[in-house]
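Undergrad: Let me begin by handing over the structure; questions about it come next.
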Amino acid sequence: MATNGGARAPFLRRWRSLRVVVEDDSMRPTLLPGDRLWVDPHGAAVAPGMIVVLPDPGPERRWLVKRTAAVGPATVYVVRAGVDVRSAGSLEVPPPDAIDQCDLPGGTVYVVSDGPTVSRDSRTFGPVPLRSVVGVAWWRYAPRERAGPLIARPKV
């Protein structure tokens, strides 16, 4: 007999999750310094709008917490108000306020910060291999007054 896990599924997901502490303002207002997250390194497929954890591609040995803007193949235009994502090979005219363009090959992800000031994200270091994503943040467990699920939302 097959079962979907029932009431045990959330417990098992939490048990196998990693714990991550947010240390800076790059994801403000969504995440604040001191927020503690459960990160699923196993089951969740990365999709646009999800908050992911990945190693900093720079010389520092730390993890970054960022929002997924696009998963390749796609074309990402950096505009004054964020990013504009188009499907790969799209014949649409680029946005008039485009500052930069990045063509994402398959198997890569473009990540951005939620904060109003540009921090270290794909706008500075480019697309990241999808295989390097540590996991998807799915729950903020502390502080208690801000605890709850982290719902994927589009970032543009």
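Undergrad: Is there any pair with a first residue in the range 46-74 that is exposed (fewer than 14 other Cβ atoms within 10 Å of the Cβ) and a second that is hydrophobic (A, V, I, L, M, F, W, C) and not in a loop (DSSP other than H, G, I, E, B) whose Cβ atoms are under 6 Å apart and which are 6 or more apart or on different chains, and what are they?
TA: Taking only residues 6 or more apart or on different chains, the pairs are ASP56/LEU64.
Undergrad: Being modelled with pLDDT of 90 or more and either surrounded by 20 or more Cβ atoms within 10 Å (Cβ to Cβ) or within 17 Å of ARG28 (Cβ to Cβ) (or both): is that true of SER132 here? Let's see the steps before the verdict.
TA: Details: modelled with pLDDT of 90 or more: yes; either surrounded by 20 or more Cβ atoms within 10 Å (Cβ to Cβ) or within 17 Å of ARG28 (Cβ to Cβ) (or both): no.
Here the answer is no, as SER132 does not meet what is asked.
Undergrad: Please work out if PRO29 is modelled with pLDDT of 90 or more and farther than 18 Å from PRO129 by Cα. Show your work before the answer.
TA: On the way: modelled with pLDDT of 90 or more: yes; farther than 18 Å from PRO129 by Cα: yes.
Judged against the criteria, PRO29 is a match.
Undergrad: Does LEU150 meet the test of being within 17 Å of VAL20 (Cβ to Cβ) and surrounded by 14 or more Cβ atoms within 10 Å (Cβ to Cβ)?
TA: Values: within 17 Å of VAL20 (Cβ to Cβ): yes; surrounded by 14 or more Cβ atoms within 10 Å (Cβ to Cβ): yes.
Against the criterion (within 17 Å of VAL20 (Cβ to Cβ) and surrounded by 14 or more Cβ atoms within 10 Å (Cβ to Cβ)), LEU150 qualifies.
Undergrad: Going through GLY89, GLY58 one at a time, which residue ends up being over 20 Å from ALA152 (Cβ atoms), touching a helix residue (DSSP H, G or I) at 6+ places or on another chain (Cβ under 9 Å) and modelled with pLDDT under 90? Before the answer, list the steps.
TA: Values: GLY89 fails: touching a helix residue (DSSP H, G or I) at 6+ places or on another chain (Cβ under 9 Å).
Unique residue meeting the criteria: GLY58.
Undergrad: List every residue pair whose Cβ atoms lie under 7 Å apart, where the two residues are 6 or more positions apart in sequence or sit on different chains, the first residue falls within the range 141-153 and is in contact (Cβ under 8 Å) with a residue 60 or more places away in the chain, and the second residue, located anywhere, is small (Gly, Ala, Ser) and in a strand (DSSP E or B).
TA: Once the first residue is in contact (Cβ under 8 Å) with a residue 60 or more places away in the chain and sits in the range 141-153, its partners that are small (Gly, Ala, Ser) and in a strand (DSSP E or B) give LEU150/ALA137.
Undergrad: Counting residues that are charged (D, E, K, R) and in contact with a Leu (Cβ under 6 Å, 6 or more places away or on another chain), which strands (runs of 3 or more DSSP E) fully inside the range 74-156 reach at least 1? Talk me through it step by step, then tell me what you get.
TA: Numbers: elements: 74-79, 82-87, 98-104, 108-112, 135-142.
Qualifying strands (runs of 3 or more DSSP E): 135-142.
The values are calculated or read from the model by the stated rules, or taken from the named source; none is laboratory data. Predicted model only: the values in this text are computed from it and were never measured. Because the Cβ atoms are built from the backbone with ideal geometry, glycine has one as well, and the counts that use them run over all protein chains shown.
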